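The values are calculated or read from the model by the stated rules, or taken from the named source; none is laboratory data. Since the model is a prediction, treat every value here as computed from it, not as a measurement. Here the Cβ positions follow ideal geometry from the backbone for every residue, glycine too, while neighbour counts run over all protein chains shown. We work out accessible area using only protein heavy atoms, side chains counted, and drop any ligands, DNA or RNA first. Shrake-Rupley method; radii C 1.70, N 1.55, O 1.52, S 1.80 Å.
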Amino acid sequence: MNLVTTISEARALLDAARRQGRSVGLVPTMGYLHTGHRSLIERSVADNDVTMVTIFVNPLQFAADEDLATYPRDLDADLALCAQAGVSIVLAPTVHEMYPLEPITTVQVAQLSAHMEGAKRPTHFAGVATVVSKLFNIAGPCRAYFGEKDYQQLAIIRRMVLDLSFPVDVVGCPIIREDNGVAMSSRNAYLSPEERSAAAVLNRSLRAAVRVIEDGQRDPEAVRALVLAMIGDTELVSEPDYVEIVDADSLEPLDVISGDVRIILAARVGKPRLLDNIGVSVG
Ligand code: AMP
């Protein structure tokens, strides 16, 4: 496995691989890798001849009052996981390597970034779209793997690739969960044991929502009320920032539940905000 810290080294390795006819997979991460990241990496290793994992805590996607300084990091453990999973290249650049100057060119994916996470974190998705654009420009033609855990982010990246003609096939991967149903996240490291078990209500409420939809409920307000009531009854879990019932492709809120639907929520459990979502198809 090659550990590189510069854009030019990563480019040179991937260009050489492609010249030999080898396919490239890209897995962008902020590190502190867990089994959720590992599932993306394993999928890329299975699908491609060469996999590059990037580890970069991107300052551009954190607001001033967010956890950039304390975001968990463990490069040695990340490298061990990558080596074991069959990764060919890890790119772990410094902030200066990625942003030698404060960027004045940014990528905005307008409507898709306006609601849910985007309403709560107005500068977040421009930061994500900008760094992912840079990583796509560094990696070149490739398949790129993203988790459905960050469902809105995945939709934004798919749309950005379409709008800007990046030579990238975006592959969405299912959410990997802890035994109690909590979606795995690097930020789960912030949870106390009590918070970790309280957090299970998020996925429990989503599964209950899917059950009532499968039983015939088509009113999004009724489904939202069920989710809010279950979460509202749980100590240590805040009132959700949002619970949205949206079209799975366009992310438009639905008046009537039909077609491929995604239920997406965010709530604070103790200090960290946790995200979760679930899909359901209505025939
Ligand atoms: P992050 O390091 O949090 O920026 O995540 C890097 C990538 O891993 C993103 O595409 C995430 O959606 C994905 N990811 C994070 N947690 C999970 C999970 N529990 N299941 C599946 N994918 C995940």
For L154, indicate whether it is assigned to a helix (DSSP H, G or I), more than 16 Å from the ligand (Cβ to nearest atom) and in the same structural domain as S44 (by TED's automatic domain parsing). no
Failed condition for D65, given (1) assigned to a loop (DSSP other than H, G, I, E, B); (2) surrounded by 15 or more Cβ atoms within 10 Å (Cβ to Cβ); (3) not basic (K, R): (2)
So for the range 134-145 (the condition being among the β-branched types (V, I, T) and away from the ligand (no atom under 15 Å from the Cβ)), does at least one residue qualify? yes
Just for the range 253-283: of the residues that are of a type outside the set (A, V, I, L, M) and within 17 Å of L154 (Cβ to Cβ), which one is surrounded by the fewest Cβ atoms within 10 Å (Cβ to Cβ)? D260
In the set I213, I175, which member is near the ligand (Cβ under 9 Å from one of its atoms), surrounded by 18 or more Cβ atoms within 10 Å (Cβ to Cβ) and not small (G, A, S)? I175
In the list D169, D163, which residue meets the criterion of being under 30 Å from S44 (Cα atoms) and part of a helix (DSSP H, G or I)? D163
Restricting to the range 42-62, count the residues that are touching a residue at least 40 places away in the same chain (Cβ under 8 Å), part of a helix (DSSP H, G or I) and either surrounded by fewer than 19 Cβ atoms within 10 Å (Cβ to Cβ) or within 9 Å of the ligand (Cβ to nearest atom) (or both). 5
For Y145: the one exception among (1) of a type in the set (S, T, Y); (2) surrounded by fewer than 22 Cβ atoms within 10 Å (Cβ to Cβ); (3) under 28 Å from D49 (Cβ atoms): (2)
Can you tell me which residue in the range 183-210 is surrounded by the fewest Cβ atoms within 10 Å (Cβ to Cβ), limited to those that are near the ligand (Cβ under 9 Å from one of its atoms) and not in a helix (DSSP H, G or I)? M184
Across the range 219-254, the tally of residues that are within 22 Å of E148 (Cα to Cα) and either part of a loop (DSSP other than H, G, I, E, B) or of a type in the set (V, I, T) (or both) stands at 14
Near pairs, Cβ below 6 angstrom, 6+ apart or cross-chain, from the range 120-147 (farther than 15 Å from S44 by Cβ and aromatic (F, W, Y)) to any residue that is away from the ligand (no atom under 14 Å from the Cβ) and open to solvent by 10 Å² or more (accessible area, probe 1.4 Å): F125/S113
Is the range 53-67 home to any residue that is more than 30 Å from P122 (Cα to Cα) and either at pLDDT below 95 or out of contact with any helix residue (DSSP H, G or I) (no Cβ under 9 Å at 6 or more places or on another chain) (or both)? no
Residues L3, L26, L14: which one is aliphatic (A, V, I, L, M), touching a strand residue (DSSP E or B) at 6+ places or on another chain (Cβ under 8 Å), at pLDDT 95 or above and open to solvent by 30 Å² or more (accessible area, probe 1.4 Å)? L3
Quick one: D233 ticks every box in (1) at negative phi; (2) at pLDDT 95 or above bar one, so which box is it? (2)
Restricting to the range 229-253, name every residue that is closer than 14 Å to H115 by Cβ and either more than 23 Å from the chain's Cα centre (by Cα) or acidic (D, E) (or both). D241, E244, D247, E252
Can you say whether P100 is exposed (fewer than 14 other Cβ atoms within 10 Å of the Cβ) and either touching a helix residue (DSSP H, G or I) at 6+ places or on another chain (Cβ under 8 Å) or part of a loop (DSSP other than H, G, I, E, B) (or both), as far as the supplied structure shows? yes
